[in-house]
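Structure first, then comments.
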Ligand code: MOS
């Protein structure tokens, strides 16, 4: 037994830079990821995906494959366990039936899982999976995404599909300056470094799943519902995660592993290949967006319309809500927005870093740049003139909106003053030079979580929370938050995460993870501190305090609560090859209190790099005849690599959420918002040509007249 101390720290840990507490384990290989943790008697699964884009499975010729070396079973729609998917998850969403493997013979898209081969080794499983013959009854498919599909319909998703205020036609007609433009973004993929992988085993009547995911209690609760199990008999662990970006919820790999472990009564591991991830892990839908703006001659908006069309599959409804960003950024007397989808024979899209805001901000912020040009108003000044004093659609006050401070600080540091607004004038050898800017915003919410903090007999503290560190530094941030709340030093705090046995917690998503978990950790730690009498003793089992933030989070005042940012880019465009290079980029953000400047900067810079990638490189191409991807790998799908990224700087202005106990808002997604628009606007400033179709590929730069509606992989005409 030790005596408690009433330590106080004169220097808070929150706000100071710390390397990741698990960093050494990660760089030395001591940190184990889901696909590499050893289990005795482990069997290995390999998924077989459909080669047709629409039809029915006629037969699965599993006989010959079952006689191959090491093969233990072949699961398919004819023999797989039944699962239930008729429920609403803890996030308020219905599960995508794509994860409910082998429940029927229908094939709704190319790359649909049709069988799972399980063998003693991964090599045997793979060989058998590639040998397995599946016969299909093929039906005509439609994967062509164009902007004028007759079957498109509005979808709510997590926000209303349509908002309408004022008479749009009248206000447009009365406007001195009108812009009407269509923007497209292509299908984009998350491609986290670590593929999706899970091991499932039954242990003493309990299902254990070791997985790579963004929320262990989320995956636990969905698997329990799918397999009709008591949630307490399912444990999901996910200690280290090599990226997720929205793609790591319940997917085919966990369900397949659980099915096989149940049938075989032994541990089964299932890892997706990179190629399989292109059809099984979700993606960002392509979009066709139309923006109509009407303004006075001085750039003050009178009419704003932003509509977005995205795709979903025939089995599940998911909307990329790109028109949502206009609802919080800019007001106008007439203000119309709408998110619509069209169902095609493609995999279901999903959340991907800044879902809605990423493509939506590209269209809206590019349109504002075009409006600034038409009005002869500086693009930053145009935005300052259109700062709303309340939520344009909600009418609610803003909690804290420090966008103007971001632009002022950004303009100063980037050197915006004195910029010649005329395009196509600056040259450096064969390179045309230009600069661009764009605004950013992302919701700053919180969600209920539970945490436990234990004062150990040795004088240290253990925090337990089912948080997920998907590479963000969340574990380190929570260590700092706990240290301050406990008035101790961070080396006396160990944070354990990624285990559903720790109780319900928010997922790593919506830029709400660290904020939601920090709230629960702070509450439990403060409670514990009060219970530790100075000079009192601690029993061998320690003293534990628990928190549940449901009530506190539920009592948050209803305000428009967002992070903001100002993005700046300087580009060089090679007039001979059409190559665009981003020479430097600066993002200044107002994203609440920054817990760990080191990892927060990583997050913001990572988002901005994603914006460069989105503007210039990323594009998944789908063959219309096959209905499947062309080049579904990291050679065929290029995203910004080291050579594409030079100087990217992120910093922030003082900004604290007054309603959050730690002052946090969240930095997960804001970095990508507006980043592609800043690059695209800079390309216009360099060349005088507006690129309204992403990515701004060299061939499009050289021949902008050839760019037609090319979203969804349609070849340029
Ligand atoms: Mo993020 S797209 O909410 O994982």
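Structure values in brief
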{"read-out": "Residues of segment 500-509 classified as buried (at least 24 other Cβ atoms within 10 Å of the Cβ) and touching a strand residue (DSSP E or B) at 6+ places or on another chain (Cβ under 7 Å), total", "value": "2"}
{"read-out": "Boolean, residue 650 is in a strand (DSSP E or B), crowded, with 24+ Cβ neighbours inside 10 Å, away from the ligand (no atom under 16 Å from the Cβ) and in the same structural domain as residue 587 (by TED's automatic domain parsing)", "value": "yes"}
{"read-out": "Complete set of residues in segment 354-380 that are on the phi > 0 side of the Ramachandran plot and within 14 Å of the ligand (Cβ to nearest atom)", "value": "354, 356"}
{"read-out": "Within segment 578-618, considering residues that are surrounded by fewer than 20 Cβ atoms within 10 Å (Cβ to Cβ) and in contact with a helix residue (DSSP H, G or I) (Cβ under 6 Å, 6 or more places away or on another chain), the one nearest to residue 352 (Cα to Cα)", "value": "579"}
{"read-out": "Index of the failed condition, residue 209 passing every other in (1) touching a strand residue (DSSP E or B) at 6+ places or on another chain (Cβ under 9 Å); (2) touching a residue at least 60 places away in the same chain (Cβ under 8 Å)", "value": "(2)"}
{"read-out": "Residue match in segment 307-326 (condition: within 16 Å of the ligand (Cβ to nearest atom), in the same structural domain as residue 111 (by TED's automatic domain parsing), farther than 18 Å from residue 190 by Cβ and buried (at least 24 other Cβ atoms within 10 Å of the Cβ))", "value": "yes"}
{"read-out": "Pairs with Cβ under 7 Å, 6+ apart, first in segment 460-478 and under 27 Å from residue 540 (Cα atoms), second modelled with pLDDT of 95 or more and within 14 Å of the ligand (Cβ to nearest atom)", "value": "467/474; 467/513; 475/469; 478/467"}
{"read-out": "Test: residue in segment 448-461 that is in contact with a helix residue (DSSP H, G or I) (Cβ under 6 Å, 6 or more places away or on another chain), within 16 Å of the ligand (Cβ to nearest atom) and within 18 Å of residue 546 (Cβ to Cβ)", "value": "yes"}
{"read-out": "Helices (runs of 4 or more DSSP H) contained entirely in segment 462-577, each with at least 1 residues that are within 16 Å of the ligand (Cβ to nearest atom)", "value": "474-485, 513-531"}
{"read-out": "Test: residue in segment 668-689 that is farther than 23 Å from residue 290 by Cβ, touching a helix residue (DSSP H, G or I) at 6+ places or on another chain (Cβ under 7 Å) and part of a loop (DSSP other than H, G, I, E, B)", "value": "yes"}
{"read-out": "Selected residue [outside the structural domain of residue 590 (by TED's automatic domain parsing) and out of contact with any helix residue (DSSP H, G or I) (no Cβ under 6 Å at 6 or more places or on another chain)] from 516, 500", "value": "516"}
{"read-out": "Some residue of segment 75-82 being touching a strand residue (DSSP E or B) at 6+ places or on another chain (Cβ under 8 Å), surrounded by fewer than 16 Cβ atoms within 10 Å (Cβ to Cβ), over 21 Å from residue 122 (Cβ atoms) and without any contact (Cβ under 8 Å) to a residue 60 or more places away in the chain", "value": "yes"}
{"read-out": "Enumeration of residues in segment 120-178 that are under 30 Å from residue 257 (Cβ atoms), in contact with a helix residue (DSSP H, G or I) (Cβ under 7 Å, 6 or more places away or on another chain) and surrounded by fewer than 18 Cβ atoms within 10 Å (Cβ to Cβ)", "value": "131"}
{"read-out": "Exclusive hit being within 19 Å of residue 264 (Cα to Cα) and assigned to a loop (DSSP other than H, G, I, E, B), set 82, 94", "value": "82"}
{"read-out": "Matching entry among 656, 621, 630 (being in contact with a strand residue (DSSP E or B) (Cβ under 9 Å, 6 or more places away or on another chain) and under 30 Å from residue 522 (Cβ atoms))", "value": "656"}
{"read-out": "Residue check for residue 432: in contact (Cβ under 8 Å) with a residue 12 or more places away in the chain, part of a strand (DSSP E or B), away from the ligand (no atom under 16 Å from the Cβ) and outside the structural domain of residue 147 (by TED's automatic domain parsing)", "value": "yes"}
{"read-out": "Helices (runs of 4 or more DSSP H) wholly inside segment 172-289 that include at least 3 residues being over 30 Å from residue 367 (Cβ atoms) and within 16 Å of the ligand (Cβ to nearest atom)", "value": "216-226"}
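The values are calculated or read from the model by the stated rules, or taken from the named source; none is laboratory data. What you see is a predicted model, and the numbers here were worked out from it, not measured in a lab. Backbone-built Cβ (ideal geometry, glycine too); neighbour counts: all protein chains shown.
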